[in-house]
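Since every read-out is calculated from the coordinates, none of them should be taken as a lab result. Computed from a predicted structure; not experimentally measured. As a convention, Cβ positions derive from the backbone with ideal geometry for all residues, glycine included, and neighbour counts pool all protein chains shown.
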């Protein structure tokens, strides 16, 4: 890794931590520069505007999450792969609710910005859809999955519901007591059980 790449990654890491701890709207280029120990001109050398930093941060987080959690191993039935897929949301929430808080902030920020530079991020997100469809088709072949009327509608409605629940439950994360955390985990588990029950062939 070159020195330039190392500096770029460091700035993105610093910015990501700031965005996950605060509202994206409240974090400025100056805040990022001060936290990274560099001048604002250095930030602008890598990023034309704040929107570019935000997208770099979400891409870094997305790659990290994908590698760590959504690992649909070989040798599993189609249903078992889909079970891993949905339970990854729960594992992420238990390990890092800040991730869902960031995604909530990211969605709101990008909605206001009307960006034209999200194609790379959209391609990354689409990989989840592709993995799900492959697991679903395997499940139909191995008999572990009950067919649904429209698999794309099923995928998007269930993943959007689960994501929105995780985003909502990530709010006020700093104020959570242990009891409240356990309750939030139970809510996510309940939704996942409902989704999986509709797919599992008994």
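One table, with the values for the structure above:
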| read-out | value |
| --- | --- |
| Label assignment, mean projected area of the Cα convex hull in nm² derived from the structure, set (i) 15.5; (ii) 13.2; (iii) 11.2 | (ii) |
| Exposure proxy order (Cβ contacts within 10 Å, fewest to most) of 127, 76 | 127, 76 |
| Between the stretch 11-35 and the stretch 132-152, the alpha-carbon center distance in angstrom | 42 Å |
| Helix-only CD estimate at 222 nm, as mean residue ellipticity for the chain, using -39500 (n - 2.57) per DSSP H run (n ≥ 4) | -25500 deg cm²/dmol |
| Degrees separating the helix 50-68 axis from the principal Cα axis of the chain, which is the longest one | 40 degrees |
